[in-house]
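A short worksheet on the structure shown next.
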Amino acid sequence: MTKTKRTNGSAIQKRLIPSYIFLSIVSFISVFPFYWMITAATNTTVEVARGKITFGSHALENFRNLTAGQDLWGSLGNSFKYSIAQTIVALFICSLAGYGFELYHDKYKDRVFSILLLAMMVPQVATMIPLFRMMSKMKLLNTVWAFMLPAISTPFLIMMFRQNSRNFPVDILEAARIDGLNEFKIFFKMYMPVMKSTYAAAAVITFMNAWNSYMWPKVVMTDNRAQTMPMLIANVANGYTIDYGLLMTGVLFCSVPTMIVFFVLQKQFAEGITGSVK
């Protein structure tokens, strides 16, 4: 009996060897760009151009050059401020809209929602000039409001919250109304805790989109003091001669916050994307 189990176990392991090899290769290909980014940040531009992929000794020098030539800490602060503000406001507005579309029944709501979804087909560049004129007339250029107002209510997030709200137990909603809770208390005290995995997934998506946004901030942030990290990296890369070590140092600083957010919320992100409700 024991020998049979061992034989079967060995046979299964042998069959899995090709799968392990394939997954190892794919994992290496996925991780290698990140590894190359880190090593490039420690080398000179000549060493990077030559294809050196081992760690060097110029990390501090690249960091000093970056902080001397660019407002690194100001750009990081702006990116955090803009991204966090946009994430908080967008989650509240989109979840409230998704909650209303799904849990309040009206014969016109599906038509309104269909019109809303059509907005996903409009490219951002088509609305950029009208939005810029609006922000300019309202004197919001170089402010956090100009950065986040066009993105605080997105059809994708509203659709995501609406779809996941279908798993929200309606019996709880009816019981809360019978107990005398008003609609806002139901939303804040019952809906939001139950939909926490959806909020986590939406927070990851919104934060990453806001953090990596370049085109719109480039249009409305005309003052260098209001620039974000993607704008800083573009400034570093727009010279006649590019210092790749310095550039990779900036890219590293720009990449780490989004990776931390994703790794911290990856479990909730997976649950929210699949429509799980807890």
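The values are calculated or read from the model by the stated rules, or taken from the named source; none is laboratory data. This is a predicted model, so every value here is computed, not measured. Please note: Cβ atoms are built from the backbone with ideal geometry, for glycine as well, and neighbour counts cover all protein chains shown.
When you scan the stretch 113-129, do you find a residue that is touching a residue at least 24 places away in the same chain (Cβ under 8 Å), among the polar types (S, T, N, Q) and assigned by TED's automatic domain parsing to the domain that holds residue 79, even just one?
Yes, the stretch 113-129 contains a residue that is touching a residue at least 24 places away in the same chain (Cβ under 8 Å), among the polar types (S, T, N, Q) and assigned by TED's automatic domain parsing to the domain that holds residue 79.
Taking the residues in the stretch 99-155 that are under 24 Å from the mean Cα position of the chain (by Cα) and polar (S, T, N, Q) as candidates, determine which candidate is nearest to residue 80 (Cα to Cα).
The selected residue is 143.
Quick check, is residue 206 crowded, with 20+ Cβ neighbours inside 10 Å, over 20 Å from residue 88 (Cα atoms), modelled with pLDDT of 90 or more and of a type in the set (S, T, N, Q)?
In short, no.
If you check 113, 92, which single one turns out to be surrounded by 13 or more Cβ atoms within 10 Å (Cβ to Cβ), of a type in the set (A, V, I, L, M, F, W, C) and farther than 21 Å from residue 269 by Cβ?
113
Can you confirm whether the stretch 165-176 contains a residue that is closer than 26 Å to residue 84 by Cβ and either modelled with pLDDT of 90 or more or buried (at least 20 other Cβ atoms within 10 Å of the Cβ) (or both)?
Yes: the stretch 165-176 contains one or more residues that are closer than 26 Å to residue 84 by Cβ and either modelled with pLDDT of 90 or more or buried (at least 20 other Cβ atoms within 10 Å of the Cβ) (or both).
Return a yes/no flag: does the stretch 65-76 have any residue that is β-branched (Val, Ile, Thr), assigned by TED's automatic domain parsing to the domain that holds residue 150 and more than 26 Å from residue 256 (Cα to Cα).
no
Six or more apart or on different chains, Cβ atoms under 7 Å: show the pairs whose first residue is in the stretch 56-69 and touching a residue at least 24 places away in the same chain (Cβ under 8 Å) and within 12 Å of residue 236 (Cβ to Cβ) and whose second is of a type outside the set (A, V, I, L, M, F, W, C) and assigned to a helix (DSSP H, G or I).
Within 7 Å, the pairs are 62/245; 62/249; 66/249; 66/250.
Can you find even one residue in the stretch 148-155 that is buried (at least 18 other Cβ atoms within 10 Å of the Cβ) and over 30 Å from residue 224 (Cβ atoms)?
Among the residues of the stretch 148-155, at least one is buried (at least 18 other Cβ atoms within 10 Å of the Cβ) and over 30 Å from residue 224 (Cβ atoms), which makes the answer yes.
Looking for something modelled with pLDDT under 85, under 16 Å from residue 247 (Cα atoms) and either of a type in the set (Val, Ile, Thr) or surrounded by fewer than 10 Cβ atoms within 10 Å (Cβ to Cβ) (or both) - is there at least one such residue anywhere in the stretch 38-52?
yes
Please pick out the residue among 204, 194, 144 that is more than 30 Å from residue 123 (Cα to Cα), out of contact with any His (no Cβ under 8 Å at 6 or more places or on another chain), assigned by TED's automatic domain parsing to the domain that holds residue 115 and of a type in the set (Val, Ile, Thr).
194
Need pairs with beta-carbon distance below 6 Å; first residue within 17 Å of residue 56 (Cβ to Cβ) and within the stretch 27-42, second in a helix (DSSP H, G or I) and small (Gly, Ala, Ser); sequence gap 6+ or separate chains.
42/59
In the stretch 59-95, which residues are out of contact with any Gly (no Cβ under 8 Å at 6 or more places or on another chain) and not in a helix (DSSP H, G or I)?
The answer is 71, and nothing else.
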